[in-house]
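Please read the structure below before turning to the comments.
Each reported figure results from applying straightforward, stated rules to the coordinates on display, with no laboratory input. The shown structure was predicted, so the numbers you read here are calculated from the model rather than taken from an experiment. Ideal geometry is used to build each Cβ from the backbone, glycine not excepted, and the neighbour counts take in all protein chains shown.
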Amino acid sequence: MIIRLPKDEDKHVSDTYDIARIMQKILFRNNKISRAKEYFWSIGFDKQNNIAYIELVTIGIANRNIIRPPQLFRMAIAKDCDEIVLCHNHPSGDPKPSKADIEFTNSMIKAGGLLDIVVREHIILGQDSFEVI
């Protein structure tokens, strides 16, 4: 599902903090529905570092999403993006990456390499903070 950029945000981002701030706003919108679920997004970028899309890839359970490379990269391929950022929340509020988060990120970096799509980073959102893999 394609997610609209918040009205007060520009599609051009400068750094990880810009992306995390935007995704916190989107998470807050989604979390009005269910605070106990894990949301996973893919954010694609054009060559000028503008957000080309934000896609909600899956809504998981309290501590897990199951995502395969075709799900994750289909929009990047369709929009001809060279780079993506992965982002998900931890409903516990603690953004510390788990071993599974790190392994998943590494496997998606490898999958992206086969498609010539760079996985720039993986942002994990907590209650009021974030961490980056």
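Just give me the residues in the stretch 89-104 being within 21 Å of Phe45 (Cβ to Cβ) and in contact with a Leu (Cβ under 7 Å, 6 or more places away or on another chain), in sequence order.
First pass over the stretch 89-104, keeping only residues within 21 Å of Phe45 (Cβ to Cβ): 89, 104.
Within the stretch 89-104, just Asn89 meets the criteria.
Quick one: what pairs do we get from the stretch 97-109, first residue farther than 17 Å from Glu83 by Cβ, second of a type in the set (Ser, Thr, Tyr), C-beta under 7 Å, 6+ apart or different chains?
Here the result reads none, with nothing in the stretch 97-109 linked to a residue that is of a type in the set (Ser, Thr, Tyr).
Any chance the stretch 7-14 includes a residue that's within 15 Å of the chain's Cα centre (by Cα) and small (Gly, Ala, Ser)?
No, the stretch 7-14 has no match at all.
Please go through the stretch 58-111 and give me each residue that is within 21 Å of Gly126 (Cα to Cα), touching a Gly at 6+ places or on another chain (Cβ under 7 Å) and not in a loop (DSSP other than H, G, I, E, B), ordered by number.
Ile84
Any residue in the stretch 115-126 that is in contact (Cβ under 8 Å) with a residue 40 or more places away in the chain sitting within a Cβ distance under 9 Å of a residue that is charged (D, E, K, R) and not in a strand (DSSP E or B)? List the pairs, counting only those 6 or more apart or interchain.
Ile117/Asp82
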